[in-house]
Amino acid sequence: MNREKQKKLKELKNSIMKIVKANIKPYGFRTKDGFIWHVQNGFFFTMTLFISCPDDENCNFYINVSVKPMYADNLFWDIMDMRPNKDEPLSLRAVGAFALSGVPVIDKHVKMEKFEISALEELVKDSLKTLSDLLQQVKDNEEDWFYAEEKKHFRYYQDDALRLMMLLHFEKYTEAMDYIRNSDNDSGGFVNAGKSLYENVNRYCRQKS
């Protein structure tokens, strides 16, 4: 990739969130540190948009949307002894280091044919509409839709943690402990104050059982 194209690529990457903020108001979405997020009927939706180039000649515009139940972070923070996080702004659920990732429900990319701001604007606008259309599609059926989507994925980022929170939410404490025993993970991906997620979930389950 020549220097001129590299410069243009950098300009485009830096323009994504500027374009988002210029077009987001009609949708009621919020942004924080590169994340676009929205809460609907107890579910937290997050979208990220970015440009990546698999080689020197081709670049793609990526659209990722994930969703998680609001109770997931609340339970997680209770169990990990981080309860003050529940009083922080809702955006912490998108940007926080100790916030759970959601289930991926949209993961796609579009080849960038033109390295122009006008072309990027169209891609960003289409992405905002994609999220809006999804929200309208699942409105008032978020719970059934979410659990059906989650079942479609064998593996996704932080799946252990989210699945454990789902089991605990439905008071399936024996199943949660069995899940940990059968896991090939040592900690569940999180450690706070010297205690792993698995240790804290086991303690929580024993208290509740």
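Read-outs throughout are calculated quantities, based only on the coordinates presented, and are distinct from any laboratory measurement. The model shown is predicted, which means the values in this text are computed figures rather than measured ones. Neighbour counts run over all protein chains shown; Cβ positions are idealised from the backbone, glycine included.
Of note:
- Over the chain: helical MRE at 222 nm, DSSP H runs n ≥ 4 each giving -39500 (n - 2.57), nearest 500: -15000 deg cm²/dmol
- Placing +1 on the Cβ of every Lys and Arg and -1 on the Cβ of every Asp and Glu, with nothing else charged, gives the range 158-209 a dipole about its Cα centre of roughly 280 debye.
- With neighbour counts taken as other beta-carbon atoms within 10 Å, the residues Ser52, Ser101, Ser66 rank, fewest first, as Ser52, Ser101, Ser66.
- For the chain, alpha-carbon Rg and Dmax in angstrom: 19.4, 63
- Footprinting exposure proxy ranking of His38, His109, fewest other C-beta atoms within 10 angstrom first, gives His109, His38.
- Pairs from Lys68/Lys125; Lys114/Lys151; Lys68/Lys195; Lys13/Lys68; Lys8/Lys32; Lys21/Lys195 whose Cα-Cα separation, in the structure shown, is over 31 Å: Lys114/Lys151; Lys21/Lys195
- The range 1-89 - convex hull of alpha carbons, volume per residue in Å³: 131
- Fluctuation leader among Lys114, Lys13, Lys172 - the chain, Gaussian network, Cα springs under 10 angstrom: Lys114
- For the range 96-111, putting each phi into the Karplus relation 6.51 cos²θ - 1.76 cosθ + 1.60 with θ = phi - 60° gives couplings of x, 5, 10, 10, 6, 6, x, 7, x, 10, 9, 8, 8, 9, 10, 5 Hz, in residue order, rounded to whole numbers and with x for Gly and Pro.
- Treating r as the C-beta distance of Glu121 and Asp87 and R0 as 41 Å, the FRET efficiency rounds to 0.65.
- Residue among Val110, Trp37, Cys53 farthest towards the positive dipole end of the range 15-116, charges placed on Cβ: Trp37
- Checked against a 21 Å cut-off, the cross-linked pairs Lys108/Lys152; Lys139/Lys172; Lys18/Lys139 give Cα-Cα distances beyond that limit for Lys139/Lys172; Lys18/Lys139.
- Bins of 10 Å, starting at 0 and running to the largest distance - Cα pair percent for the range 157-209: 27, 61, 12
- Using a Gaussian network model of the chain in which every pair of alpha carbons under 10 angstrom is joined by a spring, one finds that among Asp81, Asp133, Asp56 the greatest mean-square fluctuation is at Asp56.
- Karplus-based coupling profile of the range 76-84, in residue order and whole Hz: 4, 5, 4, 5, 8, 6, 10, 4, x, with θ = phi - 60° in 6.51 cos²θ - 1.76 cosθ + 1.60 and x standing for Gly or Pro.
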